[in-house]
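Following: one structure in structure tokens, then a few remarks.
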Amino acid sequence: MLQYVRYALPTRANNNGGARELSRETVTKVAPFGGYLALGTDRGSLWLLDGVTGSASSGVHMQPHSEAVRDIAWDVTGCYVATCGDDGCVAVAGRRSGGDAARADEWVAVEEQTYSEAMRAVRLDPRYASRQQRVYLAGGVGGALVRHARGWFKTHKDVIVDEGEGPIGALSWGTHWVAWSNAAGVKIMHGDTSSPVNFVPRPEGARGGGAEGCVLFWEDEHALLLGWGEVAMQIHIKVDHATVPAAAGAPLEGVVGAHAEIVRSFKMDCEIRGMCPFDARHLAVLGYPPSDEDEGEDRKHEDAAAVGGERPEFQVVSREDGTIASAEALPVKGYESLEASNYALASIDEFENARRAATWQREDFAVLDPTTFEAVEPSPRMRGEPPRWYVASPRDVVVARIRDVDDAVDLALSKAPGRAKDALVVAAAHAHRLKRHRVQDLVKAHLDALLGAGDAETAASECRRLLGDTETLWEYWVLAFDKQGALAELAPYVPTRRPRLARSVYDMILEKLLATNPAALRDVLKLWGHPEKHGDEPVYSLDGIAVRVDERARRSDSESPGDPAVVEARAELFVLDDQPERALACLLSLDPADLSDPNVVFDLVDRRDLYDAVRDRVSELAALSKDRAARVLARRVDQFPIDAVADQLDGDPELQLWYLRVVFSEIPEVYAAPEHRALHAKHAKLYATVNHYPTAAPDADDYDSELIRFLKWSTFVPLQEALDACARAPPLHNEMVYVLGVMGDARRALSILLDEIGSVRRAVDFVETHAATSKDLWDVLVAHALKNDAFLSGLLDYAEIASRLVAQIPDRVEIPGLKHKLVHIFQDRRFQKVAHQMCARAAKNDCLDLLKQLYAYQNRGIRVDAPLGNAPVQLRPPRDLLTFTAFRPPPVKATASRPDTPPPSSSPS
């Protein structure tokens, strides 16, 4: 997730004019601001380096101290920088007029104060540049925290804020509050009034020496990060009522009721050597892991230095509980001989204005490890440049920064040298975030690699996506593909609308394709279409390319058979020039096998209504595609009359039969007209003489063929002519059986079935079908079976004639499998008998049910009305009352229904 870069330390000239490397000195302190990094050494030097590359090209070098620099501090404007050192000196340097910080002549010494003790910490008032009274705080090994103020008339005043509790360690001045550490703990006060706020005692058992083991960092004006040994705290300053000035330079009236509250505290598995914000939910921690000696024995002295030799770790931990989201050991030079106290962490967020300038939006940057990235969530206030962290050790400075899209591109390029596909995927998805790379360069590398590997088709297919609407890029790659001889692969992808290239580019493409790949020219002409359909101006010169294609076609005709693709391209140009008849002539002049797609002819005929032009060329259409030709002939009967087409194909019986089959299957209602009766007879003869297209094996029980189906359908075919055609060699015995059966010659048909075909099943079915008209067919069948043992054995499988057949079998005739066949016959008889008995029983039960229903119907009550008069109802029924089905009793004996009972609506008959 993070990238680590080691700075190349600067050099300077010595007194003899030679170069003296800084590597002879050691780094003691670093302080970043904006795009610069202030670096102090053990010999009192102060360098101003580039904050990204570590370059000392600015040439800003100062010598404010005679001994080691111990602390460096900036104000919020970056115009002033303060340093303190072991020589007891506190020096402040500033720019003359707030000019360019990279110019050495801009920096001048502002003030310098020397104290009686070595100074270990210094902080400028964040508003140092804008206030009349310029203040800094400094702390030394003697334990005194000094507040120094310089007035308008260069008067100086030092006030001791705190003393007597051991050396001052860490010192940090936020917007309003100041925090510093000593041997006892951390004190917090107001920066302007020096009003104490709170005291946080040193955590019990915290390793890391005395006050020097403490690290402090103000996140904002009320949030303080504190690390001491393994313990991390997050402290919040709460103000019940405050009159803190809202703007720099406003008068401060005082603060009431301010106090510090520890909102979170957790223990880590390493000694904290630096801590600063990473994002909204995580902290960046420079940790020094405990050595084996520290883990294996109790510490005897609380302030003993940690045993050196371990690599420091840059950790990203949760603000809630210190859970590690990422931890990486740093490549520090000479770590084997260093101790925990030799390391420090500085962040570009340390100052208020830098914090505002360096807030960043995580989603604006890509990382290489998505699982780690997901563990670190963005903050809504982070946008702009990602932060940088500087890890200082005596021998070098390592800068850690978020890996961005450019880093992901570099990694992808390193994993696949010579191929930029993966890098291009990353760059194209985040093009607006690139800084060091350009998408165009990666596109070029990727396409060059594909072309170099001979994969021009893949390169061409990706151009539409990679080149977009940039006209210059398309023109460049058209020439590049042409140099590689791969223009044919690119041409189908060249845009004709957005972007619109120069007309000369399109003309060049067509001319190159005509010379090298006529088939590609044909396809491109079909794809591009008419040159004027893409806008007001033609895309290419139709007349110009037509002239060149004609010249090529004529040259081919005189020298060699020529390239069929040239002829097809010429036909396409005729189509674009609105000459479809000439285009059709070109296409039909080719051999059907040479056409790239026979459907082109039919599409042209359909689209331009050229049916009259091909009315006399049915055989050529069929040679191209019988399926498409069949659809045209069946759908356009008015333009292709059946009799005319059949006469046209009269010289080719097979093609003529094909056409008649199409008519019979597609438009039988038209074919059934009486005017086509002559074609029906010819159709049947063609079936018999050319190909009868059987749909089942000749001896199959359900044999069928197209001829038989046609004979069943047609009423115009002369049966005798059909029989004669079927009888010609090779004879069609199955069709002859059908025709003879229709003609009534059942004995002859049965003879063919028995002698030529030999199908027992079909013979039995035929006899059963014609038994009513030819009663002696069973005898013929039995007689034939008695002469043929194999036929006899098969005939015994049919129980319905077994009794008649068995009775006529002569004695001593050996029949294979006779025993099993007789058992089958008897079993079949027994089954038939049982089935007959069950059916008779079911019929008897049905009759009884019907009789019961009839009896109940006849004995039901019948309503009757008096037919005459209004005779009173007789309560005693008469003994001789008669009723009839018409509900009309005789008039001599009459009864009447009750007056309130309605008469029946109808009477059954």
Could you give the nm distance between label points at L527 and E204, where each point is 7 Å from its Cα heading toward the beta carbon? 8.1 nm
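Please list, by residue number, every one of the chymotrypsin sites (Phe, Trp or Tyr not before Pro) in segment 80-153 that is coil in DSSP and has at most 11 other beta-carbon atoms within 10 Å. Working shown, then result.
Numbers: sites: Y80, W107, Y115, Y128, Y136, W152, F153; in loops: Y115, Y128, W152, F153.
Answer by residue number: W152, F153.
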Expected output is a single nm value to one decimal: the length gained when fully extending between R503 and V5, i.e. 0.36 nm times separation in residues minus the C-alpha distance. What is it? 174.1 nm
Could you work out how far apart the two model spin labels at Y857 and V637 are, taking each label as a point 7 Å from the Cα in the direction of the beta carbon, and quote it in nm? 5.4 nm
Can you give me the Cα centroid spacing of segment 64-136 and segment 323-349 in angstrom? 27 Å
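Within segment 78-150, which trypsin sites (Lys or Arg not before Pro) sit in a loop by DSSP and count at most 11 neighbouring Cβ atoms inside 10 Å?
On the way: sites: R95, R96, R103, R120, R123, R127, R131, R134, R147, R150; in loops: R96, R103, R127, R131.
Within segment 78-150, the qualifying trypsin sites (Lys or Arg not before Pro) (loop, at most 11 other Cβ atoms within 10 Å) are R96.
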Paramagnetic reach from E67 (point 7 Å along Cα→Cβ, amide N under 19 Å) across segment 127-169: 138-146, 166-169
Just need the relative contact order of segment 404-485 here, percent rounded to a whole number, with Cα pairs under 8 Å and 6+ apart. 22 percent
On a full-extension model of 0.36 nm per residue, what is the gain between E320 and R555, subtracting their alpha-carbon distance, rounded to one decimal in nm? 76.1 nm
So for R0 = 56 Å, FRET eff. of D627-L479 from the Cβ-Cβ r, to 0.05, ends up at 0.80
Please list, short to long, the whole-number percent of alpha-carbon pairs of segment 502-608 in consecutive 5 angstrom bins beginning at zero. 2, 12, 24, 26, 19, 12, 4, 1, 0
Residues of type lysines that K844 reaches as a straight line, Cα spacing below 17 Å, ignoring anything fewer than 8 places off in the same chain: K833, K852
Quick one: in segment 405-539, what % of C-alpha pairs are over 28 Å apart? 23 percent
Give me the percent of Cα-Cα pairs in segment 404-485 that sit more than 14 Å apart, rounded to a whole number. 61 percent
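Please work out the FRET efficiency for the pair Y611 and R677, using the Cβ-Cβ distance as r and a Förster radius of 35 Å; give the result to the nearest 0.05. Let's see the in-between values first.
Details: r = 27 Å, r/R0 = 0.77.
Efficiency, from the Cβ-Cβ distance: 0.85.
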In segment 83-173, what is the volume of the convex hull around the alpha carbon atoms, normalised per residue and reported in Å³? 106 Å³
Calculate, in nm to one decimal, what E221 and A329 gain on full extension: separation in residues at 0.36 nm each, minus their alpha carbon distance. 35.7 nm
Whole-Hz couplings from phi, Karplus 6.51/-1.76/1.60, listed for segment 403-419; x for Gly and Pro: 6, 10, 4, 4, 5, 5, 5, 4, 5, 5, 5, 6, 6, 10, x, x, 10
If each of N845 and S265 carries a label point 7 Å out from its Cα toward its Cβ, how far apart are those two points in nm? 9.7 nm
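Read-outs: derived from the displayed coordinates by stated rules, not from any lab. Bear in mind that the values here come from a model prediction, so they are computed numbers and not experimental data. Quick reminder, even Gly has a Cβ in these numbers, built from the backbone with ideal geometry, and neighbours come from all protein chains shown.
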